[in-house]
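Have a look at the structure below before the remarks.
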Amino acid sequence: MPPVLKTLERVLSKAGLGSRTEARKWIGAGRVRVNGKKVQTPDHWVDPARDKVTFDGNPVRQSEKIYLLLYKPKGYLTTYKDPEGRPTVYDLIRDLKAWVAPVGRLDLDTSGLLILTNDNQFAERLANPDYKAPKTYQVKASTRLSDEQLDRLRRGVPLSDGPTRPALVARLRDSGKYTHLEITITEGRNRQVRRMLEAVDSKALKLVRTAIGPIRIGDLAIGKWRKLTAAEVACFAAHKPRRGGS
């Protein structure tokens, strides 16, 4: 079999040492060697199976695969650092002694289930729209929605980047002038659920992601995290892309 080559920065990040941005800085600073020779080019190709890579003199090895479920609070960014100093999801997992990356994003005003992992194949199965992993949200709408508006969401609504796929939509309850609903989509467009509500002349006042496929947030406290169970990881291990219709 031909060797599987990877860039040096990717080798470091996949080993759980840090983000690819951090890896580039370490490589540029001369802290990384390949087969005993200092390499300061992050895009240098290496064969992890044959080349000896060291960081500060220590061998770089593939880390244990980690899968986390975090209940992201509103007001936290899904990024490593923010130039404005706002809190990020990494502030909530400081006690974790390994590097993981978020699978997809939840915007600043959205809370709920966020998965973080160092397993790129697993992340691809969750994030790639070709796999159509269903994502479920609970929404508090700014208005009381009619059955006709809910049916429009179910059928798919036109957005600036094209019509949405059909969605599963259930009315949970009406309270005063508000409708609380649950919606399941199989896409991952930017702020998609918020834009879908706007397309039916309403707005999402509160948005919480409660599930990705069969993985549910359950009774996890907001701001806390737990490891995914072996069964939760396995449910996506053999997940295949489903191209075409919904």
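Read-outs: derived from the displayed coordinates by stated rules, not from any lab. Just so it is clear, the model here is predicted, and its values are computed rather than measured. Note that each Cβ is placed from the backbone with ideal geometry, even for glycine, and that neighbours are counted across all protein chains shown.
See the values below:
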read-out: Residue-span extension gain [residue 54 to residue 182] - 0.36 nm each, minus C-alpha spacing; value: 41.2 nm
read-out: Taking the chain and dividing mean pair separation by its residue count, relative contact order in percent (alpha carbons under 8 Å, at least six apart); value: 20
read-out: 10 Å binning of all Cα-Cα separations within region 134-212, expressed as whole percents from 0 upward; value: 20, 61, 18, 0
read-out: Pair residue 108, residue 74: separation of 7 Å Cα→Cβ label points (nm); value: 1.4
read-out: Computed over region 1-146, Cα set: Rg, Dmax in Å; value: 18.5, 68
read-out: Rg and Dmax [Cα atoms of region 181-223; Å; Rg one decimal, Dmax integer]; value: 11.9, 33
read-out: Rg/Rg_ref, the chain, where Rg_ref = 2.2 N^0.38 Å and atoms are Cα; value: 1.18
